Every structure is written in C-alpha cells, then in structure tokens.
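Values in this text are rule-based calculations from the coordinates and carry no lab data. Predicted, not measured: the structure shown is a model, and the values here were computed from it. As a convention, Cβ positions derive from the backbone with ideal geometry for all residues, glycine included, and neighbour counts pool all protein chains shown.
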Amino acid sequence: MIFILVFLVLLVFYGDCKHHNADEHNHHHTSRLYVNQFPLNSEHLILPPILCMSIYYGKVKYPHVNLYFESLRINTRVHYELINVIDDENDKKDIMKSVQDFNLSNFHITFITTLQFRQRVQERLHFDIAFNETWAYKIGTDYKPTLAHLFPEIVDKPLNEGKAPYKYWAYTDIDLIWGNFSRFSHMFLQEYAVVTSDYAGASGIAMFFRYHSYYLSIILIYYHYLLIIRNNHNDSWLRTLFQTDPLYTLLLQNHTDYQMDEFSRKGLYTKTNIDDFVKNVLPNRGERMNRGIHWKDKLWVEQEQSYFHTGPVLWHQGYTI
C-alpha cells in the first residue's frame, strides 16, 4: 500500500503561544494553507469523546507504525480501537511490543482469529465466507463501514460501563499519522450526523458518524442560561448505513475490493458506496454532513500531495515545524 502520511486534524496555523515564534518563522508555508476553515475562537471548543475503529487482517507490518502510535499521545479525547484478525501468535509480537512500549491509555487492540471473524460475520451480516489472507485488502476497505454493526460491544462499551458514551464513532485507516484533533473540535458539533475528512465526500481514511443525536442550544437571557433540547433520538441507523442498498451486503461476499468505504471505483457498482449513501440518505432525514467550507478543506495530506498543498511538511507532536 502506498505510504500515506495523513495529517487529519492537523494543526498548521493555530499553535499554542509557545509555538508562536515558530509559526511566524514558517509563515511562508502556513500562509499557503486554509486559515478560513477555522472559525473564530474555535480553538476554545472542547473536543467531544470520539471512537476511531480500524480493522487489519494479518500481521501489522507498516514500517511507520511507531509514528502512528506516537501521534495518538496528544489526542487524549479520542479512543483508538484496532481489530486485528490474526491466527499466528508469532505475528502478534511486533504490534504487541509497540503497544507495550507506548503504553497508551487511549489505544486498545482486539485480536480475533479468522474463524472468529467469520462467525461474527455470520451472526451479524447473515452470510458465510471462508476468509483467508487473500481477503485482507477487502476486509480493510469494504468491511470498514460495517465495524460499528459487527462490533457493537466496542462502540457501546462506555455506556455499558455506566460512563458517558462517545459522541462520534469512526472507521479509519492505521497507515497514517494523526495531528492535533482538538483543533477541529468545531467540526464535531452534534447537529452534524456525519463528518468527513475530505471535502469531496466520504473518505476511507477517516469517516465519522454521530453516536446519539442529543445536543443542546444554550441561550443567554438576562444572565440566565436557557437550555433548549434540539434533538434527542437514537442514531443506530448510521451503524447500518451500508445497508441502504442491499447490493452492498451482496458485494461484501465478493472477493473483489470495490472501495465502497468511500467512492466505488471498480466494476459497474459505482453508486453502491458510502459516499452516495451519505449524500442521498442524510437530506431525506433532515440531517447534514460536515465536510469543511471549501474544496481545499481536505483534512489530510498524502505524502505525494504534501508539496502541492503545503510545501515540505515536518511533523512533531501534532504541529508542523
């Protein structure tokens, strides 16, 4: 897989005071980015708790996986869950060493065997596939939108433990480096049912869905706060958005990777994908997707695009330097 450096929620121009001088020094780079995507005073918003779910078949062998782990440190309001479908105990050693070395409280890995994954798919999706290593890329793309449905115990874990639930859950990749999530808190206001990391539409890199649409409007009237409940209902329908078209479930049984987690690019099934589902279903339900303000509001930078969008980028502790 092409090495992708994803600076999702990357702080590139609103550094803390201690980075002010560095930002001035690098103005020739940062001025090329998209300051307008950050609303006034948005840096004061508090990021709601978010769950990022990823799935990987086989041995995790990205050469930059330790950079991925390092980038999780600053995002304490985000919980990262990796589901690793793996059979060989020896293949777990490298990833387990990284987990132990970094000792992150906001990361957890769930190991399941191929047979266990097969049984989970039978139970939740009602079809049977004899998965093997040739399905690895298919599982890592087309199956991502099914994760919240396949593993409800992960999405609902805080609630089941009597804690506050996540405000958003997401399916994401792991071949990336996260920037500072908190700088994009304004995108995770709960009136948005879906938040995408790409202005163009659904993105397999990171796609976020509201857990529960309970949010408040706070109005100041003569020094008293008036709380207005804007909405309050279960958003479980977002967990099964992939079932909008029955063809999606049928294509999950096909060995071909259709990249349905974003835009379908293969075969005749160009309308059977999360991008089309989001753009068609949300308006019919009176819901909205937050994708930024203009086309340059792409919240990630691929290695080959970094020079086009931003010039040379160096990343350190959630900041560009």
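Dividing the mean sequence gap of close Cα pairs (under 8 Å, 6+ apart) by how many residues the stretch 48-138 holds gives a relative contact order of 32 percent. Rounded to 0.05, the FRET efficiency of the residue 87 and residue 250 pair, given R0 = 35 Å and the Cβ-Cβ distance, is 0.85.
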